[in-house]
Structure formats: C-alpha cells, structure tokens
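One structure is given here, and the rest of the page talks about it.
The values are calculated or read from the model by the stated rules, or taken from the named source; none is laboratory data. Because the structure is a prediction, the values reported are computed rather than measured. Glycine also receives a Cβ, built like all others from the backbone with ideal geometry; neighbour counts cover every protein chain displayed. Quick note on the areas: whole protein, heavy atoms, side chains included, nothing else; ligands and nucleic acids left out. Shrake-Rupley method; radii C 1.70, N 1.55, O 1.52, S 1.80 Å.
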Amino acid sequence: MNTTILRKSVLGIAGLAFAGGLAAGPLHHATTTDTGTSDARPVAAVQADKTVDAGKLIPHGVQGAQSRIDFDAEQTANVKAIIAATKKTGLDERAAVISIGTALQESKLQNLGHLGDRNDHDSLGLFQQRPSSGWGTPEQITDPQYATTAFLKGLRQVDGWQDMPLTDAAQTVQVSAYPDAYAQWEQQAADLVTQHWNNS
C-alpha cells in the first residue's frame, strides 16, 4: 500500500472517530444491543478497500447512540441484494448505506411476509412497503431487488438526499411513525457497505 493511500485512510478513520464523538444524545432504540457511539468502529476499519471512500459513507457523522445486530445467512444475502440493486440503478455507496440503514430499522434485514395481527397494516418485505400505498404487489415487494429499486426510486425523488443525514432521507421516503429511529443504524449500515460493496 503506498503512503498516500495509507495517510488518507488514517485521516479518514480519525475524522470519522471525531465526528462520531460529536453525535447528539440517544434516539429511539430497538431491542438490539446498543453499543453507543464511542464504541462504534470507524467505517474504514472494517476492511481496507481503496474503492470505497469511507468519508462519503457517513458524511455527517452518526446521530445518536448506535445499535448493532448479528446477522444470519439470509440477512447477509439481503445486504448483498440491496448493494447489487443499488449498483444496478447507478447509485453510489451512500445510497446503499441509506437503503441498508432503512431496512435495518424496518425489518432487521429480514424479508418479512404478512405477520398477522403483528403486521403494520399490509407492510411487507425488507422495507415494510405497502401494496395498498402503491409500492407494488406482495410478490414484488418481497423480492429484495425489486423492493430496493422501489425504495431508491423514492429516494431519488427527494431533493438533496445526498446531503441529508440518513434518518432524514429515509424518513422522507418511508414516512414512519418513528422518524428518528433510522439514525441508530447508520454505523452498521456503513460497515456493511464497506465490507460487501466489492463482492456484491
């Protein structure tokens, strides 16, 4: 590794660590383990990869305490499907971070079918999209690639999404009853994009 790339990587890690330290207080939390921002690993530390610009994954730093969950094979496959769909639409790594962070909040990256009485109306899939709201048929929105493409289509219609904190961009598309809840997944979403962007 040449010294210029190494220096940029070190500066990127230091910048992310500093930004994480300035995060606001805790937001809505799920039942997952809360590691807190001071314990969150910098994005670039997950995998040294010169094609993923760690500084662009979390341009505003994380907002509030961060949650983290462990994944099974299905959830990892869904991460890779989201990244592949993002690439196919021609969007960059930041769009993948927003998509994965949104799906972490909505479904913990599980492709959920109808949950009966526990269902939020007719919400389905990774992004809990609703057929009755025009997201597609049940079969379409339980297809990870279709669901991601539909989410990204909505994201592209948000003016300035590239410059918004993840939770604001996600909320504008999703219109959730818990608009700040997406913020807690930004670090893990960025870590996952760093880890899987080049092999998805």
Task: Qualifying position, being in a helix (DSSP H, G or I), at negative phi and in contact (Cβ under 8 Å) with a residue 60 or more places away in the chain, among Glu186, Glu139 - done: Glu186
Open item on the list: Residues that are open to solvent by 20 Å² or more (accessible area, probe 1.4 Å), closer than 16 Å to Ser123 by Cα, part of a helix (DSSP H, G or I) and in contact (Cβ under 8 Å) with a residue 60 or more places away in the chain: does the stretch 148-171 have at least one?
Closed with: no
